[in-house]
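Contents: one structure, followed by commentary.
The values are calculated or read from the model by the stated rules, or taken from the named source; none is laboratory data. Note that the structure is predicted; figures quoted are calculated from it, not measured. Here Cβ is always computed from backbone atoms with ideal geometry, including for glycine, and neighbour counts include all displayed protein chains. Heavy atoms of the whole protein, side chains included, go into the accessibility calculation; ligands, DNA and RNA do not. Shrake-Rupley method; radii C 1.70, N 1.55, O 1.52, S 1.80 Å.
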Amino acid sequence: MTVPMNRREMLRSIGLTAGALASYRLVRAQEGQPHPLGRPSTYAWVKPGRPVTAAIMGAGGRGRTYAGYAQAFPEELKIVGVAEPIPNRNEFLAKGHGIPAARRWDTWERAFEVPKFCDAIIITTPDHLHYGPAMAALEMGYHLLLEKAIAQSWTQCNDILALARGKRAIVGICHVLRYTPYFRMMKHVVDSGRLGRLLSIQHLEPVEHIHMSHSFVRGNWRNSRESNPMLLSKSCHDLDILRWVAGRACTKVQSFGSLRLFREDMAPPGAPARCADGCPVESKCPFSALEIYLRRKTWLGHKDTPGDDDASIREWLGRTNYGRCVYRCDNDVVDNQVVNLEFGDISASFAMEGLTSYAGRRTRIMGARGDLVGDENQLDVYDFHAKERFLWTVLEHGQVDSGHGGGDYGLVRDWVQAVGRSDEGLLTTTLEASMESHLIGFTAERSRLEGGTLKVVDGRALRTGK
Ligand SMILES: NC(=O)c1ccc[n+]([C@@H]2O[C@H](COP(=O)([O-])OP(=O)(O)OC[C@H]3O[C@@H](n4cnc5c(N)ncnc54)[C@H](O)[C@@H]3O)[C@@H](O)[C@H]2O)c1
């Protein structure tokens with residue numbers, strides 16, 4: 001029998017009223033009030049006596065995003081230094097934040113040649129340049145906002161953790177999904193007990209095929225040695241969400257996956273090295289660089305074409321990876337991967353699918369008394385004991401004031417509070433918690449490459465023998 005939706009009762013039963021949810025709509029934090037994203041265990045937001053000061057290492061997409069928070073909320077955060085080798089990016093950030101020449105550098109190393117000059121360092125360099133600046137910054141006593149993936153190996157991650165703890169530094173890892181209204185609500189539903197004892201989780205990350213080709217075949221994350229394996233560079237967010245929602249440590253990991261499509265042997269007959277070099281299938285190829293970048297002018301975001309006109313874009317396509325045939329790149333990261341996990345007696349599975357027609361993470365959670373289905377837009381919760389269903393939608397309830405479903409600014413807001421009040425407990429997630437998802441990622445990658453199921457015991461991955 002279907003019982004009509006009783007949303008109010010459902011919300012009350014999990015400890016939230018419509019009024020409480022309305023707080024998601026607030027953009028600006030209010031003195032003494034809970035965090036605007038209304039996370040379950042809220043703290044009272046306190047206006048900093050002075051803005052937290054920070055320097056940015058790497059003024060690309062992420063660096064600009066976090067710097068944008070300082071422009072939106074100058075009373076909270078001030079950007080006072082930048083290291084960035086690409087002149088126009090360096091210039092853009094320096095101008096926007098009034099950074100003097102003495103605090104502008106072409107590479108991160110130089111920023112640590114001068115005495116400590118601000119509270120914190122924001123590290124938004126590419127993955128292979130996280131470890132160096134993180135260690136240098138911690139050594140000098142800075143707090144950190146560090147982009148994921150933390151580093152390129154488990155050993156490097158442990159070095160960062162040890163130094164951070166030794167120096168009592170506050171380190172925020174940019175697992176932005178934890179700061180979104182949508183994933184907070186998911187976590188809250190699970191923790192409220194409304195689904196009963198948690199039994200299993202299925203989680204899918206559909207990357208979307210053009211995004212896949214742009215970032216993971218032609219772009220910065222195409223090669224695991226230069227960046228990280230896909231599970232770390234893209235899906236450490238998802239592993240982190242799985243660990244968070246499960247609420248307990250991962251105990252077993254097994255993974256399969258491969259690079260199946262974007263390989264030389266899959267190239268159409270006669271396809272040249274670059275799409276513009278007379279490719280016979282260019283007009284039909286869904287990954288045509290001419291179509292994506294030149295005709296549609298999409299995915300050009302931060303790639304620094306010399307101009308927006310066709311001639312400039314053609315010239316740029318002729319000399320960068322973005323003009324290359326997707327079957328003839330130096331990419332090695334997978335386009336499909338599955339991971340099976342156990343979190344004690346909770347089973348979970350994760351799939352990264354590169355070649356989807358859509359994006360937006362999908363999650364299904366099964367409990368002993370109900371289930372949850374989510375697609376990053378809505379959560380559909382059904383309690384089959386009470387025979388009640390409720391729908392929670394981002395559109396209706398979520399405060400989304402920035403990228404990643406509101407997570408970008410949600411993260412910076414918490415981090416500024418944590419640094420300003422010298423209290424790492426104000427962060428939704430800690431470095432230790434982020435390390436757990438990285439350990440799952442490194443372990444799963446080992447399983448994919450070497451085979452077998454690996455047990456995770458006390459921060460170490462051990463083969464089970466089966
Ligand atoms: N949290 C998230 O959701 C999320 C999303 C995208 C990217 N990321 C991560 O953020 C980081 C940056 O990604 P992005 O998309 O901004 O890339 P990006 O390429 O747009 O920016 C990186 C910048 O670092 C600069 N750089 C390179 N070498 C440098 C050096 N020696 N010193 C200083 N700067 C240097 C580059 O010129 C570039 O401008 C990566 O680690 C990436 O994996 C995280």
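General remarks:
- Computed FRET value (nearest 0.05) for Ala433 with Arg319, which takes r as the C-beta separation and R₀ as 41 Å: 0.45
- Violating pairs (Cα-Cα greater than 19 angstrom) within the set Lys116/Lys167; Lys78/Lys116; Lys47/Lys116: Lys47/Lys116
- Charge tally for Glu139 (other residues, Cβ to Cβ under 12 Å; Lys, Arg +1; Asp, Glu -1): +1.
- For the pair Val373 and Arg165 in one chain, pulling the backbone fully straight at 0.36 nm per residue adds 71.1 nm over the alpha carbon distance.
- Considering only alpha-carbon pairs that sit under 8 angstrom and 6 or more positions apart, the relative contact order computed for the chain is 21 percent.
- Extending 7 Å from the Cα toward the beta-carbon at both Ser312 and Thr298 defines two label points whose distance is 2.2 nm.
- Backbone N under 15 Å from the Arg260 label point (7 Å along Cα→Cβ), restricted to the range 322-363: 334-339, 351-357
- Label-point separation, Glu139 to Val46 (7 Å along Cα→Cβ), nm: 3.3 nm
- Extent along principal axes [Cα atoms of the range 155-273; Å; largest to smallest]: 58, 41, 29
- Local electrostatic count, Glu291, Cβ distance below 11 Å [Lys/Arg +1, Asp/Glu -1]: +3
- Estimated FRET transfer efficiency (Glu113, Phe384; beta-carbon r; R0 60 Å; 0.05): 0.45
- Theoretical gain in end-to-end length, Thr356 to Ala102 [0.36 nm per residue, Cα-Cα removed]: 86.8 nm
- Segment His211-Glu91, extension gain: residue separation times 0.36 nm, minus the distance between their alpha carbons: 40.4 nm
- Reach of Lys234 by Cα under 22 Å, taken over lysines that are not fewer than 8 positions away in the same chain: Lys148, Lys187, Lys252, Lys303
- Accessible-area composition of the chain, carbon plus sulfur, in percent [1.4 Å probe]: 52 percent
- In this structure, Ser422 and Ser200 have a Cβ-Cβ separation that, at R0 = 35 Å, corresponds to a calculated FRET efficiency of about 0.30.
- Isotropic mean projected area of the C-alpha convex hull, the range 190-231 (nm²): 4.6 nm²
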